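The values are calculated or read from the model by the stated rules, or taken from the named source; none is laboratory data. Just so it is clear, the model here is predicted, and its values are computed rather than measured. Cβ atoms come from the backbone with ideal geometry, glycine included; neighbour counts cover every protein chain shown.
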Amino acid sequence: MALIEFEHVFKHYPGSPSAAVDDLNLHIEAGEFLTLLGPSGSGKTTTLMLLAGFEAPSAGAIRLDGASIESLPPHQRNMGVVFQSYSLFPHMTVAENVAFPLSVRKVAAPIIAEKVHAALTKVHLENLTHRKPNQLSGGQQQRVALARALVFEPRLVLMDEPLSALDKKLREEMQLEIRRLHRELGVTMVFVTHDQSEAMTLSDRVAVFNQGRIEQLASPKHLYDAPANPFVANFLGDNNMLGCTLEQGRQSGAGSVTGRVRTADGQTLQSRICTTQTLADHAAVKLCVRPEFLQVATDAATLATSNCLSATLLDLIHQGDHWRLVARLTGLRSEGAMDAPQWFAKISPGALPAGLVVGQDLCLGFRPEDAWVF
Ligand code: ADP
Ligand code: MG
């Protein structure tokens, strides 16, 4: 049995036309690190608040160990919570902040002292116990918040964008700290972020949210390698898209298949076909190719694939470890913002054809197994 089960959970805020959480079904396994990833307004915080008990569902069931928890107040759910803003008590010392969840639970003073010391040691703050929050850096304050969430040994730790106020270097350091804590403590963690690289760094599984629903729930690797739809392909990692027509339809659930698509100007391309949905013959589909899978050549004959799109070089930018090449596909019409015919490629320095100049004609190639059709 899963530790947490959301079953057909809805949340309608009064006066809002659409549901913030829209028929959510989600199982959280004991011990896992699960991240809720999605754009702003997609329902991540609401889901976390429903779990913590700060919001009540409009419909549906939320269970902990198989027992319904909708009527349990937050402090009886045994969940530690860390928010984006540090939300430490400014007049209390570090030690008093961390002791707070134990004091309200009426734990005896000697035990509090012991547990506070242990929690602060876990986050490497055992030497700053007498400081006030305003005498700490942002990263240290967030460590205190983490210690406060861990001190009563909760079943679950819930974190809502806890690192978003930190600069990049510190954020990446804290991500490794959180990974270490998860590994050492074995506690179940549910983490909210809109940052895909943070989600990929931290998580056993990621739930990709969009408009109050989960688009896909899988390991970071699976989401990247086998996105279920264009939304996931675009949200996780970089992606190029092009509207095409599928030559021959596919049943859903047919397993991994390769098929042919036709571009608007009649070129034929081969690609993997997504089988999470049924696609009819000649269906309008989207071809997706990640920029690191594109090959660039000035002559199609030198590409290591017969899949080739002609393009004009718009820009070439040196990014240190790779070149970012921007090109406009030629002979193809745009079919909306998501599949504008401007593509980009990440090319390793050794693979860049010599002497490229902006405005020249190119071929962009890709292997069928490196492309997806949805
Ligand atoms: P996220 O954390 O993914 O940014 P939220 O869960 O905060 O998303 O919000 C989901 C939707 O619910 C948004 O449209 C937001 O405007 C709305 N919403 C969130 N909190 C409230 C609230 N207290 N009252 C009314 N609407 C809300
Ligand atoms: Mg939020």
### Message
Within region 244-289, considering only strands (runs of 3 or more DSSP E) that don't extend past its boundaries, which have at least 2 residues that are of a type in the set (S, T, N, Q)?
### Response
268-273
### Task
Considering every residue within region 198-211, establish whether at least one is within 16 Å of ligand 1 (Cβ to nearest atom) and in a helix (DSSP H, G or I).
yes
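With P227, P162 as the choices, which residue is in contact (Cβ under 8 Å) with a residue 60 or more places away in the chain, within 20 Å of L88 (Cα to Cα), crowded, with 20+ Cβ neighbours inside 10 Å and not aliphatic (A, V, I, L, M)?
Exactly one residue qualifies, and that residue is P162.
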### Task
Tally the residues that are loosely packed, with under 10 Cβ neighbours inside 10 Å, in contact (Cβ under 8 Å) with a residue 40 or more places away in the chain and under 36 Å from the mean Cα position of the chain (by Cα), restricting the search to region 345-358.
0
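Conditions tested, residue by residue: (1) part of a strand (DSSP E or B); (2) in the same structural domain as V94 (by TED's automatic domain parsing); (3) at pLDDT 95 or above.
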| position | (1), (2), (3) |
| --- | --- |
| I111 | no, yes, yes |
| K115 | no, yes, yes |
| L120 | no, yes, yes |
| H124 | no, yes, no |
| R131 | no, yes, yes |
| G139 | no, yes, no |
| V144 | no, yes, yes |
| A149 | no, yes, yes |
| M159 | yes, yes, yes |
## Note on the structure
Checking R262, R272, R324, R367 in turn, the sole residue that is basic (K, R) and under 15 Å from D238 (Cβ atoms) turns out to be R324
### Message
If a residue must be within 15 Å of ligand 2 (Cβ to nearest atom) and in a strand (DSSP E or B), how many such residues does region 25-54 contain?
### Response
3
### Residue list for region 1-31, restricted to those being touching a helix residue (DSSP H, G or I) at 6+ places or on another chain (Cβ under 9 Å) and crowded, with 16+ Cβ neighbours inside 10 Å
I4, F6, V9, K11, A20, V21, L24, L26, I28
### Task
Have a look at L313, L217 and point out the one that is surrounded by fewer than 20 Cβ atoms within 10 Å (Cβ to Cβ), outside the structural domain of V357 (by TED's automatic domain parsing) and in a strand (DSSP E or B).
L217
## Note on the structure
Within region 55-72, of all residues that are part of a strand (DSSP E or B) and more than 16 Å from ligand 1 (Cβ to nearest atom), the one farthest from P154 (Cα to Cα) is A61
#### Entry: Restricting region 102-155 to residues that are among the polar types (S, T, N, Q) and either touching a residue at least 60 places away in the same chain (Cβ under 8 Å) or surrounded by 20 or more Cβ atoms within 10 Å (Cβ to Cβ) (or both), the residue that is farthest from M92 (Cα to Cα)
Q142
